[in-house]
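Report on the structure given below.
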Amino acid sequence: MISAAQLRAARALLGIDQRTLAAWAGVSLPTIQRMEASPGTVRGAVSTLTRIVDALAAAGVELIGNDQPSQGRGRGVRLKEPA
């Protein structure tokens, strides 16, 4: 699962806008906008989410879920669990 905050952060790390991510993933710009504006976990068709995650991975972003170790190497950012 991917959160809206992760999606926005991934774009920020890559220095791309929503339109670019939409093009890379082959989805519409309104889809990216809706997903990034959603509270908490992003919802949508599994195929759409997979395309977005795959596009981010191809660009070098590793999305890390809760309680999962990072599988890659390199610098990154991770949100702490709220106190």
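Bear in mind that the values in this text are calculations on the coordinates, not laboratory data. Remember, it's a predicted structure, so these values are computed and weren't measured experimentally. Cβ atoms come from the backbone with ideal geometry, glycine included; neighbour counts cover every protein chain shown.
Brief remarks follow.
- The distance between label points at T20 and Q68 comes to 2.4 nm (points 7 Å beyond Cα on the Cα→Cβ vector).
- Annotation: amide H-H contacts under 5 Å for S3 (H modelled 1.01 Å from N, sequence separation of 5 or more, or interchain): V42.
- With Cα atoms as the point set, the radius of gyration and Dmax of the stretch 4-58 evaluate to 9.8, 26 Å.
- Label-to-label distance, nm, for residues given as T50 and L13 (7 Å Cα→Cβ offset): 2.3 nm
- Extension gain, Q33 back to M1 (0.36 nm per residue minus Cα-Cα distance, nm): 9.8 nm
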